Amino acid sequence: MGKKILITGANGQLGNELQKLASDYPQFEFFLTDIDTLNLCDKAEMKSFFDGNPMDYIINCAAYTAVDRAEEEVENCYKVNRDAVQNIAESVQKQTRIIHISTDYVFDGTGKTPLRESDRTNPQSVYGKSKLAGEQILMEIKPESIVIRTAWLYSPFGNNFVKTMIRLGKERDSLNVVNDQTGTPTHAADLAKAVLDIIIWSEEKNIFPAGIYHYSNEGVCSWYGFTLKIHELAGITAGKVHPVPTSEYPTKAPRPMYSVLDKNKIKSTFQIEIPEWEESLERMMKRQ
Ligand SMILES: NC(=O)c1ccc[n+]([C@@H]2O[C@H](COP(=O)([O-])OP(=O)(O)OC[C@H]3O[C@@H](n4cnc5c(N)ncnc54)[C@H](OP(=O)(O)O)[C@@H]3O)[C@@H](O)[C@H]2O)c1
């Protein structure tokens, strides 16, 4: 029997992309759970699940991702983004390798050059703080784990920026989009493949190089530039989108102004290639 991989949060964006890819990796046996089948906040449920199903790998895609709502639902946010991660780390067997997903929101966004894994964290939102707390508790309990920070995730599943901009582009005559926040979009399918390729690499080399890694697509844009490309690919009339500064688009949770991730560590460690964001966006839109 192949190595057993548990995907938590399997109904989310990244979880769905991993599900889609699973059949390309027949050497692995996948277990898919979400809150209805394995609530990561329920420690007793977790213990009994892992006692009956020892795993070789866990890819933790479960998270509380409602960034603005988190400013009010602080406790709920921490329950999933920190406490559930602690539950995983404390409930799994010793040999189980954990790949946990985190975010660019652990940074304050004041930098001007691509962010390295070793750069100082300074989250500005409840969501960012809870995700950093999740990374830290995992590394404290199970330092042999891998954390992958990603950014601006989109997919054909659930709610995300790409789907919202397509909808608003069709509904409205005019749309203001922030032009002074800089980052890189990430097609969740690319991240899903990277995660599975990391597992393949680890199996082949028989090592699991613990630590934090950054992953997004290649390239840089603003939300405004991202929207122009989304509309171009969706065939939405040009000229509807207007650039505005962040000050004209206030949100409950502050966003990092600059969150381009430096991907050199993940690329050189695991010999993976990362597609440019425009190329990946086009691929995703063709799947819609
Ligand atoms: N989305 C982004 O732009 C972005 C950017 C950077 C990093 N990330 C990180 O990337 C990872 C994947 O994000 P995503 O966009 O795929 O998230 P998502 O679509 O919100 O999916 C998260 C999944 O986790 C489930 N979940 C919530 N609480 C749970 C619990 N207690 N037990 C089990 N499952 C639970 C959710 O179920 P419900 O829907 O029922 O709550 C949902 O299906 C997360 O770690 C996120 O923090 C995301």
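Couple of notes before you dig in:
- Surface exposure of the range 144-288, expressed per residue as accessible area with a 1.4 Å probe, stands at 44 Å².
- Shape annotation for the range 226-288: C-alpha extents along the principal axes are 41, 31, 16 Å, from largest to smallest.
- For the range 1-68, the fraction of alpha-carbon pairs lying more than 16 Å apart is 47 percent, rounded to a whole number.
- Applying the criteria of a DSSP loop state and at most 15 other Cβ atoms within 10 Å to the GluC sites (Glu not before Pro) of the range 125-227 yields 144.
- Taken one residue at a time, the phi angles of the range 103-117 give Karplus couplings (6.51, -1.76, 1.60, θ = phi - 60°) of 9, 5, 6, 6, 9, 7, x, 8, x, 10, 10, x, 7, 8, 4 Hz. Gly and Pro are set to x.
- Annotation: amide H of residue 153 within the under-5 Å range of 186, sequence separation 5 or more or interchain, hydrogens built in the peptide plane.
- With the simple spin-label model, which puts each label point 7 Å out from Cα in the Cβ direction, the residue 271 to residue 112 separation comes to 3.8 nm.
- Fraction of accessible area attributable to carbon and sulfur, the range 145-288 (%, probe 1.4 Å): 49
- To the nearest ten degrees, helix 126-141 and the longest principal axis of the Cα atoms of the chain are 20 degrees apart.
- Taken one residue at a time, the phi angles of the range 48-65 give Karplus couplings (6.51, -1.76, 1.60, θ = phi - 60°) of 5, 4, 6, 4, x, 9, x, 10, 8, 9, 10, 9, 8, 9, 6, 6, 8, 10 Hz. Gly and Pro are set to x.
- Nearest 10 degrees, 0 to 90: helix 277-287 Cα axis against the chain principal axis: 80
- The tail of the calculated P(r) for the chain, taken as Cα-Cα distances beyond 36 Å, holds 14 percent of the pairs.
- Remark: relative contact order (the chain) = 21 percent; criterion is Cα-Cα distance under 8 angstrom and separation of 6 or more residues.
- Spin-label model distance (nm) - residue 170 vs residue 120, 7 Å beyond Cα toward Cβ: 4.7
- Between the range 22-40 and the range 109-133, the alpha-carbon centres lie 30 Å apart.
- Placed amide H near residue 100: partners under 5 Å, 5+ positions off or other chain: 60, 146, 147, 148
- Accessible surface for the range 1-78, divided over its residues, is 48 Å² per residue with a 1.4 Å probe.
- The chain - mean residue ellipticity at 222 nm from DSSP helices (-39,500 (n - 2.57) per run, n ≥ 4, rounded to 500): -11000 deg cm²/dmol
- Per residue, the Cα convex hull of the range 130-201 amounts to 132 Å³.
- The GluC sites (Glu not before Pro) of the range 259-288 that meet both conditions, a loop assignment by DSSP and at most 12 other Cβ atoms within 10 Å of the site Cβ, are 273.
The values are calculated or read from the model by the stated rules, or taken from the named source; none is laboratory data. Predicted model, so just to flag it, every value in this text is computed and none were measured. Cβ sites come from the backbone with ideal geometry, for glycine too, and all protein chains shown count toward neighbours. Quick note on the areas: whole protein, heavy atoms, side chains included, nothing else; ligands and nucleic acids left out. Shrake-Rupley method; radii C 1.70, N 1.55, O 1.52, S 1.80 Å.
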